[in-house]
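Visitor: Once you've had a glance at the structure underneath, I'll fire off some questions.
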Amino acid sequence: MLWSISPFGEAKVGIPYAIYNDVNIYLAFLVCFASNVLIFPIMTFFLDKLNRYFFRWRFYKKSAIYVGRKAKIGAGSSVQKYGFWGLLIFVMAPIPGTGVYAGTIAAYLFGIERKRAFLANTIGIFFSCVIVWTITVFAMNEVPLPWAYLP
C-alpha cells in the first residue's frame, strides 16, 4: 500500500512488490488500486488549499513550477486536445512520469472539472493496474505470454 501511494512508484511498483512478497494476487490488486485512487482527493486538497500557502517560500515555488511544467509537457498535447479521454490515456500508460500524481496536476493546470478528472484518473488507474497486474502474474508464475508461441 505504501508503494502505491508514493509518488515514486504508485501501483506500478506496489502490485509487483506485493505479489513478489507472497500477498494474494487479488488482494494485491485491490489494495494497490484503492490506495492509488485515494491520491486524487489528497492531491486536489493539497493543490486547492496548501499550495497557495507554500508558494510563499522560494524553494517550494521553484519546485512547484518545475513539476507543473513537467506535467504540462508530458500530458499537455493529449489532455489539452482530448480533455477527459486524453487524461484517461495519460494516467493509464504504465510508464514512469504518468499516473495519478501527474494526472491530477495536469487536470488542475488545464482546468478540467473535478468530477470528470476524478473519473478519468480512476478509470486510467484501473486499466494501468490491470496491465501491471497481468504482466506481473504472468512473470511471477513463469507462465508464457500468449504471443510467445507466435512464429
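Visitor: Before we move on, is VAL37 within 30 Å of MET140 (Cβ to Cβ), over 14 Å from the mean Cα position of the chain (by Cα) and either surrounded by 14 or more Cβ atoms within 10 Å (Cβ to Cβ) or among the basic types (Lys, Arg) (or both)?
Guide: Working: within 30 Å of MET140 (Cβ to Cβ): yes; over 14 Å from the mean Cα position of the chain (by Cα): no; either surrounded by 14 or more Cβ atoms within 10 Å (Cβ to Cβ) or among the basic types (Lys, Arg) (or both): yes.
Judged against the criteria, VAL37 is not a match.
Visitor: Let me ask you something else. Kindly indicate whether PHE118 is in contact (Cβ under 8 Å) with a residue 60 or more places away in the chain, assigned to a helix (DSSP H, G or I) and surrounded by fewer than 22 Cβ atoms within 10 Å (Cβ to Cβ). Full working, then the answer.
Guide: Numbers: in contact (Cβ under 8 Å) with a residue 60 or more places away in the chain: yes; assigned to a helix (DSSP H, G or I): yes; surrounded by fewer than 22 Cβ atoms within 10 Å (Cβ to Cβ): yes.
Considered against the rule, which asks whether it is in contact (Cβ under 8 Å) with a residue 60 or more places away in the chain, assigned to a helix (DSSP H, G or I) and surrounded by fewer than 22 Cβ atoms within 10 Å (Cβ to Cβ), PHE118 comes out as yes.
Visitor: Considering region 41-65 alone, what residues qualify as being within 27 Å of ARG116 (Cα to Cα), among the aromatic types (Phe, Trp, Tyr) and either modelled with pLDDT of 80 or more or under 23 Å from the mean Cα position of the chain (by Cα) (or both)?
Guide: Passing the criteria: PHE45, PHE46.
The values are calculated or read from the model by the stated rules, or taken from the named source; none is laboratory data. These numbers were taken from a predicted model, which means no experiment stands behind them. So basically every Cβ, Gly included, is an ideal-geometry build from the backbone, and we count neighbours across all protein chains shown.
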